[in-house]
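The values are calculated or read from the model by the stated rules, or taken from the named source; none is laboratory data. Just so we're clear, the structure is a prediction, and the values are computed from it rather than from any experiment. All Cβ positions, glycine included, derive from the backbone under ideal geometry; neighbour counts span all protein chains shown. Only protein heavy atoms, including side chains, enter the accessible area calculation; ligands, DNA and RNA are left aside. Shrake-Rupley method; radii C 1.70, N 1.55, O 1.52, S 1.80 Å.
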Amino acid sequence: MLSGVPASISPELLKVLHEMGHGDTLVIGDANFPAASIAAEKNHINIRCDGHRATDMLDAILQLMPLDGFVEKPVTIMDKMEMHRDLECPVWDEFTDIVAKHDERGADAVGFLDRFAFYDAAKDAYAVVSTSETAFYACIMIQKGCL
């Protein structure tokens, strides 16, 4: 048992967060994100966090892992496709609020990538976290900083 580690952080995820180095990225995917195939593309790690929202996992992870201060946008959210331009994505506000809680740059640390560019970038992530998040376009990538 450890003190100060959020309950949603499994031993496997804690190990991965500890192994990651400065500049490594971690994807938190929603329930529709092809996490297993994205991670398998380059033999990376896929960690199942069933029963948890992407927002809960982001908050828990950022309690333990600093964002990269050497890049302008260490947080990347999957942007909507043109056919969904009018779709509301309130989860994005939740993501931004969580980032602001853990990083003084707040919304300025957050950028967007279109769906297929996000998939391509995700293939280079150190690991992919699978959640049960059902909000649309609730996939986010974070880049680890230094302590």
Average accessible surface area per residue within the chain, 1.4 Å rolling probe, Å²: 52
Compute the whole-percent fraction of alpha carbon pairs in the range 1-52 spaced more than 16 Å apart. 49
If you keep only loop residues by DSSP, which trypsin sites (Lys or Arg not before Pro) in the range 43-93 have at most 12 other Cβ atoms within 10 Å of their Cβ? Arg85
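Give the carbon-plus-sulfur fraction of the accessible surface of the chain in %, rounded to a whole number; probe 1.4 Å, heavy atoms of protein chains only. Spell out each step's value before the answer.
Values: 3990 of 7660 Å².
For the chain, the apolar C and S fraction of the accessible surface comes to 52 percent.
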Go ahead and estimate [θ] at 222 nm for the chain from helices alone: -39,500 (n - 2.57) per DSSP H run with n ≥ 4, summed, over the residue count, rounded to 500. -9000 deg cm²/dmol
Ranked output for segments 56-64, 135-143, 37-45 by mean other Cβ atoms within 10 Å, highest leading, reads 135-143, 56-64, 37-45
Debye log10 I(q)/I(0) at q = 0.17, 0.27, 0.29 Å⁻¹ for the range 27-92, Cα point scatterers: -0.84, -1.29, -1.29
Over what distance in Å are the Cα centres of the range 1-18 and the range 49-107 separated? 19
Considering lysine pairs in the chain that are 8 or more places apart or on different chains, how many have Cα atoms under 21 Å apart? 11
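For the chain, state the semi-axes of the equivalent ellipsoid (square roots of 5 times the eigenvalues of the alpha-carbon gyration tensor), sorted largest first and rounded to whole angstrom.
Numbers: eigenvalues 89, 61, 47 Å².
Each semi-axis is the square root of five times an eigenvalue, giving 21, 17, 15 Å.
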